[in-house]
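Attaching a single structure in structure tokens format; questions to follow.
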Amino acid sequence: MECIFCKIIKGEIPSSKIFEDDHVVAFLDIGPCEKGHTLVVPKCHAARITDLPAEELLPAMEAVRRVAKLLCDRLGCDGFNVLQNNGECAGQTVPHVHFHVVPRWNGRGKPTWKEGKYDSPEEMAAIHAKLVNG
């Protein structure tokens, strides 16, 4: 059975993509820790980072850097977290390598990893537009 991220990569499942190139796709997480939480997913299917071919790692990390800059520049966040889990015991819920890039703001208290949601589809669409269009 094909994984959900492979289906998103193929366009079989819709997503709010903010970046795509030959190696990766980046899209808004539908259960964000913070609004703007983005997933960077290599197009090459690999369950864990240790399974990802070395030649796919550098493009993935460059995409993480690019997404983090987008979040800072366009959402005005004060910082960000980059998280990457490997294995169910480590919190990985989709067995396809992916990186969480989570915007953070000063004054919001200690960061949490609790799944949240957008107030409405329109709010998610507005954040998506801000990231894609500036």
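Residue check, residue 101 against (1) closer than 20 Å to residue 18 by Cβ; (2) part of a helix (DSSP H, G or I), all met but one. Which one?
That leaves (2) as the condition not met.
With the requirement that a residue be touching a residue at least 24 places away in the same chain (Cβ under 8 Å) and among the polar types (S, T, N, Q), what does region 1-56 give you?
16, 38, 50
List, please: which pairs have Cβ atoms under 7 Å, are six or more places apart or on different chains, and start with a residue in region 73-85 that is of a type in the set (Asp, Glu) and end with one that is at pLDDT 95 or above?
The qualifying pairs are 78/104; 78/105; 78/106.
I've got another one for you. For region 47-77, enumerate the residues that are assigned to a loop (DSSP other than H, G, I, E, B) and either closer than 22 Å to residue 94 by Cβ or at pLDDT below 95 (or both). Outline the logic, then answer.
Residues of region 47-77 assigned to a loop (DSSP other than H, G, I, E, B): 47-48, 52-53, 76-77.
Result: 47, 48, 52, 53.
Here's the yes/no breakdown for (1) surrounded by fewer than 18 Cβ atoms within 10 Å (Cβ to Cβ); (2) closer than 25 Å to residue 2 by Cβ:
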site: 27; (1), (2): no, yes
site: 34; (1), (2): no, no
site: 37; (1), (2): no, yes
site: 48; (1), (2): yes, yes
site: 51; (1), (2): yes, yes
site: 106; (1), (2): yes, no
site: 115; (1), (2): yes, yes
site: 134; (1), (2): yes, no
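Among the candidates 89, 44, 6, single out the residue that is outside any loop (DSSP other than H, G, I, E, B), out of contact with any strand residue (DSSP E or B) (no Cβ under 6 Å at 6 or more places or on another chain) and surrounded by 15 or more Cβ atoms within 10 Å (Cβ to Cβ).
Working: 89 fails: surrounded by 15 or more Cβ atoms within 10 Å (Cβ to Cβ); 44 fails: outside any loop (DSSP other than H, G, I, E, B).
When all the criteria are applied, what remains is 6.
Return a yes/no flag: does region 34-43 have any residue that is in contact with a His (Cβ under 8 Å, 6 or more places away or on another chain), over 18 Å from residue 85 (Cβ atoms) and modelled with pLDDT of 95 or more.
yes
The values are calculated or read from the model by the stated rules, or taken from the named source; none is laboratory data. Please read these numbers as outputs of a predicted model, since none were measured by experiment. FYI the Cβ positions are ideal-geometry reconstructions off the backbone, even for glycines, and counts take in every protein chain you see.
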